[in-house]
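See below for the structure under consideration.
The values are calculated or read from the model by the stated rules, or taken from the named source; none is laboratory data. Just so we're clear, the structure is a prediction, and the values are computed from it rather than from any experiment. Cβ atoms come from the backbone with ideal geometry, glycine included; neighbour counts cover every protein chain shown.
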Amino acid sequence: MSKSNRTTKKAAPGKAKPAARKPGKAAPSKKPASKPAPAKKAAKAKSAPVKKPLTKKKPAAAKKPAPKKPVKKVSPPKPAAKKKAPAAKPAPKKPVVRAAVSKAKAPAPKAAVAKPAPKAAKPAFAKPAAKPAPAVQKAPKPAAAPAPAPAAAAVSAEPVKKGPSQPLPAPGPTKSGALFYDSHMHTPLCKHAWGEPEEYAQQAVKAGLKGIIFTCHCPMPNGFWPTVRMAESEFDTYVAMVQRAADAFKGKLDIRLGIESEYFPGCEEYITGLHQRANFHYVLGAVHWQAKEYLNKFETGTIENFRRTYFEHLAKSAESGLYDCLAHPDLVKNYHPDSWCFAIVKNTVSTALDRIAATGVAMELNTSGLNKSYSEMNPGLEMLRMMAERKIPVVIGSDSHRPVRVGEHFVTALNHLTEAGYEKVSYFLNRQRIDLKISDVLASLKKAADHNA
């Protein structure tokens, strides 16, 4: 209150002075000076109230974040409780598993009741399911579905793995003294062979053999060289023919089902499926240079280059893992036989034999070569020595297309093996190799032939 009184008192004398000094120039200058003074005071007065609301807004801003904190604390525990609830739902799945197990156990006794067991005594060539059946009987507890799968896969793998390292023990001779098998012969289904399987079997008994394995030319896809093989539609007929002969000669001669299976690049998938269609005891791989398809594709360049291509494919056939043995391994010498010279291709043959030896696949000594344009067994003696150096197992086959040739030239073939450096000769059953001493086989052939004469 005292400050306001002072301002009013000073203003009063100011007004009286300009009235007395009208003519002077100083009067107007003082008037504008007095006006800005109150303006400054007014500005100060106005700024003072502005500061006060700012202090009031600060606590208001502090109050707003306070309610947000409790919202965050409350929200996390609610979803946590919801997530734990669905974790307890897997519990009802247990009865579903038990139901599946109970269903799996049901087919097991059915497999045991199944009737392939009495048929096991027969070759049962036509039914590839006969192999899985005994496996189910030995272990009825496991489910029946997975049992056949490993058995089918093992067919193609066993010949390479078990053939060379774990040959089956040699079975004893029959009452007649017979001990050996002829592992290569055909049926009329190949369109260039004559005589029924029973006729081939009768000749085998005379030759002093314990058994024979039919290996007719397999069907091929896309009409591959159809004039020298069974048709696709005749495959079941072939299996039935061999079964018929096996039943007719039961107790006299052991007759087995095999196949001469073509090797042609690009057909491996078809051949793999073919080998699963029957219970083959022996799969004989063959590269036939005579096929028109083979000549059209690979007969380029010189004669020697064509022969080198043949031996390259022979090695690839062994490396495919599809075959137990390779048929007539130097058959290509009948391609322009007048110009055949083993020395020219010897290095190529050596490389091919190294690759074949690494697979463990056997090779055939084919006696029918004596009846071909180049009159020599397949392979010839020099190549046979190279095979012996690499310890490649050898199987003897007559490649009979007529009954009279079953077991033909076997004594000569065995003597060739001995001359080349071999002490044992082999054959296959259940796609596993069986080794016999050459001396024992020679003695058995003579004894059994005399007994059956």
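Against the test of being free of Cβ contacts under 8 Å to residues at least 60 places away in the same chain, in contact with a helix residue (DSSP H, G or I) (Cβ under 8 Å, 6 or more places away or on another chain) and either closer than 14 Å to residue 331 by Cα or assigned to a helix (DSSP H, G or I) (or both), the options 304, 269 yield a single qualifying residue, 304. Taking residue 335 as the residue in question, decide whether it is among the aromatic types (Phe, Trp, Tyr), under 20 Å from residue 369 (Cα atoms) and free of Cβ contacts under 8 Å to residues at least 40 places away in the same chain. No: the conditions fail for residue 335.
Checked against (1) in a loop (DSSP other than H, G, I, E, B); (2) under 38 Å from the mean Cα position of the chain (by Cα); (3) surrounded by 16 or more Cβ atoms within 10 Å (Cβ to Cβ), residue 172 passes all but condition (3).
Report whether or not residue 421 is among the small types (Gly, Ala, Ser), touching a Phe, Trp or Tyr at 6+ places or on another chain (Cβ under 7 Å) and surrounded by fewer than 23 Cβ atoms within 10 Å (Cβ to Cβ). When the stated conditions are applied, residue 421 does not pass them.
When the range 395-408 is filtered for residues that are surrounded by fewer than 23 Cβ atoms within 10 Å (Cβ to Cβ) and not in a loop (DSSP other than H, G, I, E, B), the ones remaining, listed by number, are 403, 404, 405. In this structure, is residue 155 buried (at least 17 other Cβ atoms within 10 Å of the Cβ), modelled with pLDDT under 55, among the aliphatic types (A, V, I, L, M) and assigned to a helix (DSSP H, G or I)? Taking the combined requirement at face value, the residue satisfies it. Within the range 406-453, the set of residues being charged (D, E, K, R) and either under 14 Å from residue 178 (Cα atoms) or touching a residue at least 40 places away in the same chain (Cβ under 8 Å) (or both) comprises 408, 431, 433, 435, 437, 440, 446, 447, 450. Return yes when residue 321 is of a type in the set (Gly, Ala, Ser) and on the phi > 0 side of the Ramachandran plot and no when it is not. Considered against the rule, which asks whether it is of a type in the set (Gly, Ala, Ser) and on the phi > 0 side of the Ramachandran plot, residue 321 comes out as yes. So for the range 220-235 (the condition being basic (Lys, Arg) and either touching a strand residue (DSSP E or B) at 6+ places or on another chain (Cβ under 7 Å) or at pLDDT below 95 (or both)), does at least one residue qualify? Yes, the range 220-235 contains a residue that is basic (Lys, Arg) and either touching a strand residue (DSSP E or B) at 6+ places or on another chain (Cβ under 7 Å) or at pLDDT below 95 (or both).
Consider the range 209-228 and keep the residues that are touching a Lys or Arg at 6+ places or on another chain (Cβ under 7 Å) and more than 15 Å from residue 247 (Cα to Cα). The one that is surrounded by the fewest Cβ atoms within 10 Å (Cβ to Cβ) is 227. Of 187, 237, all but one fail to be among the hydroxyl-bearing types (Ser, Thr, Tyr) and surrounded by fewer than 18 Cβ atoms within 10 Å (Cβ to Cβ); the exception is 237. Residue 434: at pLDDT 95 or above and touching a Leu at 6+ places or on another chain (Cβ under 6 Å), yes or no? The answer is yes for residue 434.
Taken as a whole, the structure leaves residue 221 outside the set of residues that are without any contact (Cβ under 8 Å) to a residue 24 or more places away in the chain and either under 17 Å from residue 293 (Cβ atoms) or out of contact with any Pro (no Cβ under 7 Å at 6 or more places or on another chain) (or both). Give the residue that is surrounded by the most Cβ atoms within 10 Å (Cβ to Cβ), with candidates limited to residues of the range 340-373 that are assigned to a loop (DSSP other than H, G, I, E, B) and at pLDDT 95 or above. Among those that are assigned to a loop (DSSP other than H, G, I, E, B) and at pLDDT 95 or above, it is 361.
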